[in-house]
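Encoded as structure tokens, the structure appears first; notes follow it.
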Amino acid sequence: MKTSRFKSIPWHIVFMVTIVILIFPIIFAIGMSFKPLEDAYNNTINFLPIHPTLENYLTFFDSMDVLKITSNTFIIASVVTFFKVITSFLAAYAFVFLEFKGKNTLYFLLISMIFIPFSITMIPNYLVISDLGLSDSIWGVILPQLADAVGIFLLRQSMKTIPTSLIEVARLDNLGHARIMKDIVLPLVKPAITSTGIWFFILSWNEYVWPVLILKTVDNYTLPLALQMYISSEGGTNFTVAMAVAVITMIIPLTLYLMFQKYIIGTFTSSGIK
Amino acid sequence: MHAVKATNKRMSKEQWLAYGLLIPTLLIFALFMFWPFVYTIYLSFFDWNMVKPTKEFVGFQNYIDVLSDPNTYKVFGNTFLYIVLLLIINCSIPYVFAFILDLVLKRYKNFYKGAMFLPSVISLVVGSILFTWILNPVSGPVAIILDWFGVEMPIWSKMDGWVIVVLSLITSWKVFGYNFIVLYASINGISREIIEAAKLDRVPLWKIFFHIVLPMSGATGIYVLIITIVQGLQYVFTPIKVITQGGPNYASANAIYHAYHEAFVLYRTGHSAALSILTMAIFITLLILEFKFVERGVHYEN
């Protein structure tokens, strides 16, 4: 059907301009990270590296143990994602397929935690992690994040799309919950698990607020914390190095996104709130 | 009778299984969410600095201190301003965009969705550092372009008001696409017949938006509204901490950053806890709203 009376060209322009504004910073950072400092500093308008150089990356690699910092980031993101997916899957299964006392209250209680401001929990959690001897350790960053209300929410939404009759038939066939979980539910919600997992990984990779409280020594830092050392409101003199660090910090999330874009967007379009 | 008994037995077995499956989640939540919540309330009645071996009970003194400090009002005013700005940039605009993408635009839909969402996967620390340079008032590209038109870029990081606007824009850069996608999904889920009928009847676009789309995507709308308020409180922490540290003179601090500053820079846990509890009071009001509108309004297929 033709809907040409709604003029679409001006809106295409609005969308294109918005996208340029959103994407420009990324292009800017990539371009600047390959420029020599004087070249970049004197002309910030031209972000194309005319005399490309790797010196900014090399400076970063010289100043910190980048491999260690990257592996810290990777370990935290992987362990957090792994456990969040498992704990969320088990909890979501209970909320969707099992009947128990206090089900709705408990679900509401868990979900409402999404809205608890970070400042409410920061002091006690900091003290607990210190008491456990885990301050300045990546395990101190990991421990409080092994479960997540968002994961329960997303996987519950996905499991709710499984017809209840399917589960009932399996129950009549005397299939135990372990089998139902493994052979019926798991394969059906696999796409949701994949996208939730990738999303958790990206979030954890980017996380700043909690690690900055726990991690003190540069060797234990994650990439966002290392990057933060290159910022001041005046900008500082390490402009191009900062851009190189920014590129290194965003490369993994960007690659994951470009690879799994459909999955990730799908999570929020199919299992969002209806 | 037998059947009922059998069901009861199965019910109880099922109950135990359910609690078993929930234990890992509940354990983590109890230790790092519920207990800290209670402990923060406790701390708000004590004078302490995180190192002293004893905490001194001071009753409501922390609340009195916090509420008689003019900076508190400045910070809560800032918090409110952040929230209002983010509601405009990250809730209203994405709503309109999602509506236009669904109803008006036919081509490049996937490209628009993919490109708009892209910044949402990038760390806000990266966003902060990129915009610090792009918006550098002297040598940044935006300042240079403005200069061509004879407009002088304000030294935003040192100016009241401007600093909040810029930090809100940086935060918006990251969350705009996420909110856009969530809202698009909801609008896209509205029954086509109603919208097509309205189109055939030549109902103007703005009327379709306000009379059909807005009410029918209302649950998601409120969800995004609340998420935006959470972001207004929570997400702006990163650019504040990284770029301005709350300065100049508390002009960019919000409630969460202020609580952090009191606890981890000034070591006044009592003040910090009292501030957090006050912030929480605002939040509980929002949670009640969420429960009233979102959960009740949500219509599940099953």
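The values are calculated or read from the model by the stated rules, or taken from the named source; none is laboratory data. Quick caveat, the model's predicted, so the values are computed rather than measured. Counting neighbours? That spans all protein chains shown, and the Cβs are built from the backbone with ideal geometry, glycine included. Note: areas computed on protein heavy atoms with side chains; ligands, DNA, RNA excluded. Shrake-Rupley method; radii C 1.70, N 1.55, O 1.52, S 1.80 Å.
Remarks
- Cross-link partners for B:Lys199 among the lysines, with Cα-Cα distance under 17 Å and sequence neighbours closer than 8 places in the same chain left out: A:Lys2, A:Lys7, B:Lys106, B:Lys207.
- Karplus-derived HN-Hα couplings along the stretch B:157-169 (A = 6.51, B = -1.76, C = 1.60, θ = phi - 60°), whole Hz, x at Gly and Pro: 6, 10, 10, 4, x, 4, 4, 5, 4, 5, 5, 5, 5
- The Cα-based radius of gyration and maximum Cα-Cα distance (Dmax) for the stretch B:200-254 are 18.6, 57 Å.
- Three-way shape label, the protein assembly as shown, alpha-carbon gyration tensor, a/c 1.5: oblate
- The stretch B:161-207: Rg to Rh, with Rh as the Kirkwood radius over Cα pairs: 1.26
- Highest-first packing order for the peptide set A:215-224, B:233-242, A:126-135 is B:233-242, A:215-224, A:126-135, based on the mean count of other beta carbon atoms within 10 Å.
- Solvent-accessible surface (1.4 angstrom probe) belonging to A:Lys68, in square angstrom, nearest 10: 80 Å²
- Electrostatic bookkeeping for B:Leu43 treats Lys and Arg as +1 and Asp and Glu as -1; over the other residues with beta carbon under 12 Å from its beta carbon, the sum is -1.
- Within 10 Å of the Cβ of each residue in B:36-42, the mean number of Cβ atoms contributed by other protein chains is 5.
- Between A and B, roughly 9900 Å² of accessible area is buried in total, ligands, DNA and RNA not counted and the probe set to 1.4 Å.
- Local charge for A:Gln261 was computed over the other residues whose Cβ lies under 15 Å away, with Lys and Arg +1 and Asp and Glu -1, and equals +3.
- When the stretch B:44-297 is reduced to its Cα atoms, the Kirkwood hydrodynamic radius in Å: 20.5 Å
- With the highest mean first, a sort of the peptides A:187-197, B:179-189 on other beta-carbon atoms found within 10 angstrom per residue produces B:179-189, A:187-197.
- Listed residue (A:Ile75, A:Ile23, A:Ala178) projecting farthest to the positive dipole end of chain A, Cβ model: A:Ala178
- Debye, to nearest 20: dipole size of chain A, +1 on Lys, Arg Cβ, -1 on Asp, Glu Cβ: 1500 debye
- Per-residue average of Cβ from other chains inside 10 Å of A:258-269: 4
- Modelled FRET efficiency - R0 45 Å, B:Ser139 with A:Leu134, Cβ distances, 0.05 increments: 0.60
- Whichever lysines have a C-alpha closer than 18 Å to that of B:Lys241, once near sequence neighbours (fewer than 8 apart) are set aside: A:Lys216, B:Lys74, B:Lys158, B:Lys174
- Radius of gyration and Dmax over the Cα atoms of the stretch A:1-114, both given in Å: 25.0, 68
- Cα shape, chain A, gyration tensor, a/c 1.5 rule: oblate
- Summing charges over neighbours of A:Phe95, with a neighbour being any other residue whose Cβ is under 11 Å away from its Cβ, gives +2 when K and R count +1 and D and E count -1.
- Heavy-atom accessible area per residue - the protein assembly as shown, 1.4 Å, Å²: 44 Å²
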